[in-house]
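The values are calculated or read from the model by the stated rules, or taken from the named source; none is laboratory data. These figures come from a predicted structure and were not determined experimentally. Glycine gets a Cβ as well: all are built from the backbone with ideal geometry, and neighbour counts include every protein chain shown. For the accessible areas, the whole protein counts, side chains as well, though only heavy atoms, and no ligand, DNA or RNA atoms are used. Shrake-Rupley method; radii C 1.70, N 1.55, O 1.52, S 1.80 Å.
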Amino acid sequence: VGNYKRTVKRIDDGHRLCNDLMNCIHERARIEKVYAQQLTEWAKRWKQLVEKGPQYGTVERAWCAFMSEAEKVSELHLEVKGSLMNEDFEKIKNWQKEAFHKQMMGGFKETKEAEDGFRKAQKPWAKKLKEVEAAKKAYHAACKEEKLAISRETNSKADPALNPEQLKKLQDKVERSKQDVLKTKEKYEKSLKELDNATPQYMENMEQVFEQCQQFEEKRLRFFREVLLEVQKHLDLSNLASYKNIYRELEQNIKTADAVEDLRWFRANQGPGMSMNWPQFEEWSADLNRTLSRREKKKASDGVTLTGINQTGDQVSQPNKHSSSLSVQSNTVQSVQSSYNPFEDEEDTGSTVSEKEDNKIKNVSSYEKNQSYPTDWSDEESNNPFSSTDANGDTNPFDEDTSSAMEVRVRALYDYEGQEQDELSFKAG
């Protein structure tokens, strides 16, 4: 009696299991989203580093193919996240709402119906069981009393001090106790027989309610299996043609890397095959030695504003990827320089690789493929327009404390042909 509560409790457990499954899927969706975001950030950062780095040619394209792969896989994982939340999560939520109906006083309608069904089916049998227990108790008490009466009668026969009247009372009590035993036994057997007769009907009624609960639970179990299969399909990227194409394309991009082609390109653009600019005879011109006017000197002493300074670690676009660039010694633009560590988002701050990369990228110009190299082979600095004195002996506005100076790369915004001896000629980029 009352053991049906385990079956009734299963209905409440089914509602809670729906919540657990939704939470499980929600957490997985959040992981997919975070992973997709991290892939995108990683691809963006390293794509910039590789494009600005010294790697060139087909191997550079092969390397960048990994970043393209990450971006595409990121999109697929965002689709997985969307499928988990918009389809699977919502499907469980809606099914739970349809299958379980809350009551005003708390609990679920399905739980109450099962509880009432079991109680109603069990009530007649439980009543008869209670009668059997009472008859059993009365019978056992009568047997106990009979045994006690027989014992007293036996002891009284051995006692000479007991008169015949008292002995007669004891014998009468034994007789009554025997009759009580027979009477209670008959009643006990009768109630037990009635219980046995009611048991088949009781079992049928209880099993009918139990089967209803089984059918309700079967719906939940089958629904869970169906949902789990759909979740599996959403998580399994191996069957997606687009996922396979990503790595087929990645393999093709890597295989197109050609060392011979890259070396040929470097020879033509950075080696003996590049266009030459051999020294030629230049006629003397009076304009080259023209002195600056007082007004021009005043302008020069006010300082020079450098426009278009691009920090090499943060450049987004490079119009002329392999053009030469200008290095200027000045501590006035040190704020442009920053030590950017590509591994700064890693949790393992003790990584030796991270420390080495940090030290490398602090010197941004060494990481540039547009790195400039000195063209002067002489130790003399008479040709340096940024030396402590200019061609006319005037002070140079760029001449500051060189002990704290550092090189900063600048990029020309337009073509310019030097008009004075202390002016540079350069091309845009």
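Distance from the C-alpha centroid of the range 110-172 to that of the range 216-282: 88 Å, rounded to the whole angstrom.
By a 1.4 Å probe calculation restricted to protein chains, E133 has an accessible surface near 90 Å², given to the nearest 10.
Counting only protein heavy atoms and a probe of 1.4 Å, the accessible surface of the range 4-254 is 54% carbon and sulfur. Ordering of 142-148, 419-425 by packing is 142-148, 419-425, highest average first (other Cβ atoms within 10 Å, averaged per residue).
Per-residue SASA remark: W46, around 40 Å² accessible (1.4 Å probe; ligands, DNA and RNA not included). Stretching E87 away from N239 to a fully extended chain increases their span by 52.8 nm, per 0.36 nm per residue minus the current alpha-carbon distance.
These residues, F281, F224, go from largest to smallest accessible area, 1.4 Å probe, as F281, F224.
A Förster radius of 30 Å combined with the Cβ-Cβ distance from A259 to E75 puts the calculated FRET efficiency at roughly 0.40.
D196 contributes about 90 Å² of solvent-accessible surface, heavy atoms of the protein only, 1.4 Å probe.
Taken along the Cα-to-beta-carbon direction at a fixed 7 Å, the label points for N163 and R6 span 6.5 nm.
Do the alpha carbons of any pairs in K9/K219; K120/K185; K33/K233; K9/K190; K33/K93 sit beyond 25 Å of each other, and which pairs? Over 25 Å Cα-Cα: K120/K185; K9/K190.
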